[in-house]
Structure formats: C-alpha cells, structure tokens
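Below is one structure; the comments refer to it alone.
Please treat every number below as a calculation from the coordinates, not as lab data. Here the structure is a predicted model, which means the values were calculated and not measured. Note that each Cβ is placed from the backbone with ideal geometry, even for glycine, and that neighbours are counted across all protein chains shown.
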Amino acid sequence: MKSFDESSFFYNEAINLINLDDYDGAINFIKKNINILVNPADIALAYLSCGFLNDKLGDNISAIADFSKTISLEDGIEVIDFRSKDVSLSGRSNSRYKNGDFEGAIEDKRKAKKIRLFEIYKHKELNSNKIDYKNILLGTFLEKDLELKYRILIKVSRIEKNKYDLISDYKKVISDKKKEEVIKKLESLSELKYKAGDFKAAIRAIRRAEKYY
C-alpha cells in the first residue's frame, strides 16, 4: 500500500503545475507517477483530470483517449462515492464535439444522462453532495472544501466563460421557471434531431441547454 505522504505529494505537485498553467507538465507528472495510486477510482480520476487538461490544450485526440481510459476503468467500479460517472462521458462528449464527431458527442451525452439518473435512483444516499457534470457547470463546489484530488478535478474541468456571453446575461433577467422551460424545450429539440439522424443539431441543442443551468 502506498503511503499517505506519497499520494499527498502527488496531488500537491499536480496542483502546483496546474496553478502555473503548465498543463503539459501536469499531464506528464500525473502519468509518470500514476503508480503511486492504488485505488481504481483514484486512477480513473487521474486520467479524467488529464482528459480535461488535454482538452484545455486543444489536444482533442489525447483528451478523448484519456476520457476513454477513465470510462473503461469506471466500468469496473460499481459505485464511486463522491463523483458521478457522468463527468467522464460529458468530458469526452465535449472533446468529440470539438473534434467534429457529432454522433459520438451526442451518444456520450445521452449515456451520461442515463448513468446519472441510474445513480440517483440506485444510490440515493450517496447523491446529496456528489460531483456531477451539472454541479461542475454551476460551480457548486469550492476547491477549499474538497480533498486534494477533487480540487484538481474542479480546477481542470472549470469552463472559462466568454465575457460577452449573451445567454449568461439573459439568465440574469429570467426566472428559474423560465430557465427550466428553456432547458426542457432544448432537450426536446435535441431528442427530435437525434431521432432524425441530425446529430450535429442534437448535440448543439443539448450544449445550449446546459448553458441555462
């Protein structure tokens, strides 16, 4: 069994590199030292963080590979206590979208939704404070309140918002009820486009819906 000091060093060094915006360095460090980790969920989380880092670097192919590695590892884990399996699928969906694979992107997003609903149904007691993709978009969790390994996840998965985001401005002047109506309308549109085989329109509608969270 690896010592606490080793894992603490692993996470602290990764955070230091990320804080320096040395994403390449962080990825190389994580993968070079990943054998420090013994818990399969922690190993999956490390690859998940690399996926988001590669996405930030614009290396969609490497990001997809890292997210796929995470998904493969998570398939062998029945329950992950503090985070949802929907994060890795949503991460890969984003990278596939940027890489022009609209069918793969919408399929991942649909799987992510099914997995999250299953988690909520099957393990209600574990879902009150779980990191899922929606909570990441909402900025629900503060880094200072989390374990080191989850601080990394929140830090690398944070999406930089456009200063002139019209949807963000519109959200400020509409009610929560109106937001829910818009989200449901866009989700319905995505479903219609998916059934029609228009995968590009389907994933775009879902991505737009997520901006109203």
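Taking 7 Å steps out from each Cα toward its Cβ at Lys161 and Tyr213 produces label points 1.3 nm apart.
Working from Cα pairs under 8 Å separated by at least six residues, relative contact order for the range 163-213 is 42 percent. Around the amide H of Arg83, modelled in the peptide plane, lie the amide H atoms of Ile131, all under 5 Å away and 5 or more residues distant in sequence or on another chain.
Our coupling estimate for the range 94-110, obtained by passing each phi through the Karplus curve with A = 6.51, B = -1.76, C = 1.60 and θ = phi - 60°, is 4, 5, 5, 4, 5, 8, x, 8, 5, 5, x, 5, 6, 5, 4, 5, 5 Hz, Gly and Pro reported as x. Taking Ala26, Ala105, Ala63 as the candidate residues, the one with maximal mean-square fluctuation in a Gaussian network model of the chain, Cα springs under 10 Å, is Ala26. Note on Lys114/Asp75: beta-carbon distance plugged into 1/(1 + (r/R0)^6) with R0 of 22 Å gives a FRET efficiency of 0.95. Electrostatic tally near Arg151: other residues with Cβ closer than 15 Å to its Cβ, Lys and Arg +1, Asp and Glu -1, net 0. Taking every Cα-Cα distance in the chain and sorting them into 5 Å bins from zero, the calculated P(r) comes out as 1, 7, 14, 18, 20, 17, 12, 6, 3, 1, 0 percent. Charge tally for Ala46 (other residues, Cβ to Cβ under 10 Å; Lys, Arg +1; Asp, Glu -1): +1. Among the trypsin sites (Lys or Arg not before Pro) in the range 150-197, those located in a DSSP loop and surrounded by at most 13 other Cβ atoms within 10 Å of their own Cβ are Lys161, Lys163, Lys172.
Extent of the range 163-213 along its three principal axes (Cα atoms, max minus min coordinate, largest first): 34, 25, 11 Å.
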